[in-house]
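Heads up: the structure comes next, in structure tokens.
The values are calculated or read from the model by the stated rules, or taken from the named source; none is laboratory data. In this text, all values refer to a predicted model and were calculated from it rather than measured experimentally. Note: ideal-geometry Cβ built from the backbone for every residue, glycine included; neighbour counts use all protein chains shown.
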Amino acid sequence: MSDLDPWASLVGQAEARARLDAAARAPVHAYLFLGGRGSGSFTAALGFAGLILAASVEDGEARSRTMHLASEAKHPDVVIVEPQGAALRVSEAEEIIKAGLRTPVEGERKVIVVVGAEAMEEAAIGKLLKVIEEPPPSAVFVLLAEEVPPEIVTIASRCVTVEFGPLSLAELEGALTDDGVDPARATVAAAAAGGDLDRARLLATDDDLVERAELWRSVPGRLDGSGFMVSELVNEVRAGMNRAQGPLEARHELELEQLEARVEQLGERGSGRAELVAKHKREIRRLRSDELRFGLATMARVYRDHLVGGSDLAIGERATFEALDAIQATAENLIRNPNEALLLQQLFLTLSPGGD
């Protein structure tokens with residue numbers, strides 16, 4: 001990262017960059033960064049924090065240090081709170097409040113970044129709303145959310161919203177090739193990532209990606225109305241998903257090894273071991289959900305191609321539209337974290353010739 005460029009690690013999002021450059025000169029008390037995982041909202045939050053904290057630093061070298069530390073989430077006046085469970089709990093909301101009330105360590109302000117703000121326990125919503133409505137004078141809150149569900153509309157209305165859209169295929173491919181990924185592999189990974197740079201980077205290390213895509217594409221044509229084939233395809237798809245965890249598990253193993261090295265040097269207290277393990281579990285759940293969305297989208301393309309004569313599926317137009325509806329309903333059901341095997345079994349039975 002160059003000394004005074006807070007956006008060097010941010011891919012795309014030109015409009016958001018321009019808004020944040022302007023906002024950092026006179027920041028308000030609360031912002032809502034609205035965008036999906038891999039959109040760059042977290043990277044932008046750290047860059048924005050660096051700009052805010054560096055605004056009161058006159059010495060060039062000290063400004064550089066401030067912005068570098070902020071970009072790496074290592075500045076003492078950048079506090080990051082991430083829910084350890086499925087939703088932000090009361091205890092975590094209280095942590096946010098305490099962080100906001102503390103005097104900044106180095107400068108005039110501190111920035112509290114709240115990850116996953118779209119999901120909060122009811123009591124946590126009330127506590128967070130109160131501190132945003134009556135903010136400490138030195139605190140700037142940056143909430144990151146993928147969406148604004150009804151429960152947090154009031155909180156969102158107290159924040160300045162900055163939107164981060166999914167990245168384009170060209171932006172994803174460019175970022176991957178800049179990382180040194182082979183262009184052909186970058187194209188496949190970008191197409192499967194759904195605008196998510198984090199997932200694109202993970203997929204770029206996944207040697208099995210093309211094979212999994214072919215497996216999902218084969219499902220509609222292999223369904224023959226038998227329960228045996230449904231069971232076989234469920235097993236094959238889940239085995240592919242298990243293989244997809246490989247690159248992520250390798251990264252998790254490295255992070256745990258690095259943690260162990262720090263524990264050996266500094267001791268266990270405050271090491272964050274439990275938090276890291278919880279984070280890894282969340283990332284695995286997200287990866288498997290992303291894999292299911294990737295697979296469902298791949299199958300949907302097969303049925304859409306069939307409508308325009310691009311495949312040889314032995315089903316009519318009405319059955320094709322019904323299949324697309326079933327795939328869409330399954331994708332929407334993912335938000336409820338259903339049983340993976342039962343979800344696939346029900347879908348494949350519905351898509352089978354003669355299925356309900």
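Data overview
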item: Among the candidates 351, 342, residue that is surrounded by fewer than 11 Cβ atoms within 10 Å (Cβ to Cβ) and within 20 Å of residue 235 (Cβ to Cβ); result: 342
item: Number of positions in the range 133-183 that are surrounded by 19 or more Cβ atoms within 10 Å (Cβ to Cβ) and β-branched (Val, Ile, Thr); result: 6
item: Given (1) without any contact (Cβ under 8 Å) to a residue 24 or more places away in the chain; (2) loosely packed, with under 14 Cβ neighbours inside 10 Å, number of the condition residue 226 does not satisfy; result: (1)
item: Residue ranges of helices (runs of 4 or more DSSP H) in the range 49-135 with at least 2 members of a type in the set (Lys, Arg); result: 60-71, 122-133
item: Any chance residue 212 is surrounded by 14 or more Cβ atoms within 10 Å (Cβ to Cβ) and free of Cβ contacts under 8 Å to residues at least 12 places away in the same chain; result: no
item: Filter result for residue 140 (closer than 25 Å to residue 157 by Cα and either without any contact (Cβ under 8 Å) to a residue 24 or more places away in the chain or among the hydrophobic types (A, V, I, L, M, F, W, C) (or both)); result: yes
item: Condition met for residue 206 (in contact (Cβ under 8 Å) with a residue 12 or more places away in the chain and loosely packed, with under 15 Cβ neighbours inside 10 Å); result: no
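Conditions (1) among the basic types (Lys, Arg); (2) at pLDDT below 90; (3) farther than 15 Å from residue 216 by Cβ, marked per residue:
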site	(1), (2), (3)
317	no, yes, yes
321	no, no, yes
328	no, no, yes
338	no, yes, yes
342	no, no, yes
345	no, no, yes
348	no, no, no
355	no, yes, yes
